[in-house]
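Here is the structure we will look at, set down as structure tokens.
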Amino acid sequence: MKILGVDPGSRITGFGLIEANKLKFNYLSSGCIRTQGTLPERITTIFVEIEQIIQKYQPDVVVIERAFMRPDRPNPDAAIKLGHARGAIISAAGSNHRLMVEYSPNQIKKTVVGKGHAAKEQVSFMVQELLKLNKAPQADAADALAGAICHAYHCL
């Protein structure tokens, strides 16, 4: 099963693609979509690039991190922008007839690291270990790969 994980962001959207056979993982690709310009331009870039990744790799499922707002630092403007980015990703997956699955950040961290409030460095380290990578991926790409790994653990 090919699994595309996506860590949405209006400025940087991470993506990571793995192939999972039972609980054996094969790293295929990862990276970051860096956007510029107005919000509509950034959202369009995210849609176009996710669609290209889907068409190139033909994943069986797209995993997206569920949106959340920190109660200690609520930022409605950031949440709205994140919602737009998620909409672009969902639209790209939907227009390519891909199954979509969502996990909360805490679910992903708990699955990959063992605790729901793990630091980004811990997630990155575990992704590197589980995928047997020579070096840690970029932070947003590591989060996306962690989402893909999380889904593999939950469905295989």
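The values are calculated or read from the model by the stated rules, or taken from the named source; none is laboratory data. Because the structure is predicted, anything quoted here is derived from the model rather than measured. In this analysis, Cβ positions are derived from the backbone assuming ideal geometry, glycine residues included, and neighbour counts consider all displayed protein chains. Please note that ligands, DNA and RNA were not included when accessible areas were found on the heavy atoms of the full protein model with its side chains. Shrake-Rupley method; radii C 1.70, N 1.55, O 1.52, S 1.80 Å.
Principal axes first, then extents: for the Cα atoms of the range 17-156, list largest minus smallest coordinate on each axis, whole Å, largest first.
Rounded to whole Å, the extents work out to 39, 39, 27 Å.
In terms of the Cα gyration tensor, with a ≥ b ≥ c the square roots of its eigenvalues, is the range 105-156 rounded because a/c is under 1.5, prolate because a/b exceeds b/c, or oblate?
Note, shape of the range 105-156 comes out oblate.
Distance check, please: which entries in Lys2/Lys81; Lys109/Lys135; Lys24/Lys135; Lys24/Lys109 exceed 23 angstrom between their Cα atoms?
Lys2/Lys81
Net charge near Tyr103, counting Lys/Arg +1 and Asp/Glu -1 over other residues with Cβ under 12 Å of its Cβ?
Charge balance in the 12 Å sphere: -1.
By DSSP, what percent of the beta bridges with both residues in the range 10-156 are antiparallel, rounded to the nearest 5?
Bridges in the range 10-156 are about 65 percent antiparallel.
How much accessible area per residue does the chain have, in Å², with a 1.4 Å probe?
Result: 52 Å² per residue.
How charged is the neighbourhood of Gly94? Take every other residue with its Cβ under 14 Å from the Cβ of Gly94, and add Lys/Arg as +1 and Asp/Glu as -1.
Net charge in that neighbourhood comes out at 0.
If you add up the charges near Ala119, with Lys and Arg at +1 and Asp and Glu at -1, over every other residue whose beta carbon is less than 14 angstrom from its beta carbon, what do you get?
Summing Lys/Arg as +1 and Asp/Glu as -1 gives +2.
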